[in-house]
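The values are calculated or read from the model by the stated rules, or taken from the named source; none is laboratory data. Fair warning: this is a prediction, and the values are worked out from it, not measured in the lab. All Cβ positions, glycine included, derive from the backbone under ideal geometry; neighbour counts span all protein chains shown.
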Amino acid sequence: MDPLTIIAVLASGALVGALLGVFGGGGSVLATPLLLYVVGVDDPHLAIGTSAAAVSVNAAASLVGHWRGGRVKWPCASVFAGAGLIGSLLGSSIAKLVDGQKLLLFFAFAMAAIAISMMRKPRAEGDPEVQITWPLMRRLAPIGVLTGGAAGFFGIGGGFLIVPGLMAATGMTLANASASSLVSVALFGAATSVNYALSGWVDWRIAGVFILGGAAGGVFGVKAAALLATRALLARRLFASLVLAVAAYVAWRALNAL
């Protein structure tokens, strides 16, 4: 990689790492477009596989900060992530069979759905003291499988589905759900990247540099999340508007390439 490419990968990683730290769910959705249109990766499958590997590590790094802050509900997060692992492996296997440009078109629609979901205001504040129970486990597991499947197919962390899924199934707060979603984002990303790596669709050099940038961005993002706690909805809506604009660009590029 030449110096300009390295700088582009570092900057892209830093941005995604910061967004993961702030928003958890939805924070990784820009990784693939950044690799394609900023870094210059020319194969959609390679961009998806590489971004999944990098996002997995960046999500795990951000998770540590939220864990120290006491915002991760580990029992609920573990059940959700464990069930979703099966879905992520199945979804990524199907995605590898789809034409790259068509997959990007599907990806653009997923981005639009993410943006819309992030603009909505949660119905309730939620319970910060939620505890795992058998009824909760029965609700968490099937939602986890479906979410993992979507995450694997689109090559994204799936946090935009994980956060509302955790809130709906357990009644936890938005802050707890965003932090807890990173457990699944890390696991689903790892499963997807391993599946893509088996087909040679992960550039480990780019992934490594992306992770370095993401680590720095993640530190900033976790701190920013605490500062933005009182304006979380406004911040999410501003980010959602950006995602919607990028989704339109990705769809336009994919349609022109078909």
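Summary table
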item: Val55 vs. criteria in contact (Cβ under 8 Å) with a residue 24 or more places away in the chain, closer than 16 Å to Leu187 by Cα, buried (at least 20 other Cβ atoms within 10 Å of the Cβ) and touching a Leu at 6+ places or on another chain (Cβ under 8 Å); result: yes
item: Qualifying residue in segment 109-116 (condition: under 20 Å from Tyr249 (Cβ atoms), in a helix (DSSP H, G or I) and touching a Pro at 6+ places or on another chain (Cβ under 6 Å)); result: no
item: Lone qualifier among Ser181, Ser199 - being of a type in the set (Ser, Thr, Tyr) and assigned to a loop (DSSP other than H, G, I, E, B); result: Ser199
item: Qualifying residue in segment 167-181 (condition: crowded, with 24+ Cβ neighbours inside 10 Å and under 22 Å from Ser92 (Cα atoms)); result: yes
item: Residues satisfying the stated conditions in segment 137-166, i.e. over 14 Å from Gly82 (Cα atoms), modelled with pLDDT of 80 or more and either surrounded by fewer than 22 Cβ atoms within 10 Å (Cβ to Cβ) or over 11 Å from the mean Cα position of the chain (by Cα) (or both); result: Ala150, Phe153
item: Residue that is nearest to the chain's Cα centre (by Cα) [pool: residues in segment 68-85 that are touching a residue at least 60 places away in the same chain (Cβ under 8 Å) and surrounded by fewer than 16 Cβ atoms within 10 Å (Cβ to Cβ)]; result: Trp74
item: Among the residues listed as Phe188, Phe220, Phe210, Phe239, the single one being more than 27 Å from Ala108 (Cβ to Cβ) and touching a Gly at 6+ places or on another chain (Cβ under 8 Å); result: Phe220
item: Residue that is of a type in the set (A, V, I, L, M) and either out of contact with any helix residue (DSSP H, G or I) (no Cβ under 9 Å at 6 or more places or on another chain) or farther than 24 Å from Asn176 by Cβ (or both), where the choices are Ala60, Ala141, Ala150, Ala110; result: Ala110
item: Residues of segment 209-258 classified as buried (at least 19 other Cβ atoms within 10 Å of the Cβ) and outside any helix (DSSP H, G or I), total; result: 0
item: Pairs with Cβ under 8 Å, 6+ apart, first in segment 182-195 and within 10 Å of Ser92 (Cβ to Cβ), second at pLDDT 90 or above and of a type in the set (Lys, Arg); result: Asn195/Lys96
item: Residue under evaluation Leu187, criteria (1) surrounded by 15 or more Cβ atoms within 10 Å (Cβ to Cβ); (2) more than 17 Å from the chain's Cα centre (by Cα); (3) more than 20 Å from Pro33 (Cα to Cα); (4) not aromatic (Phe, Trp, Tyr), criterion not met; result: (2)
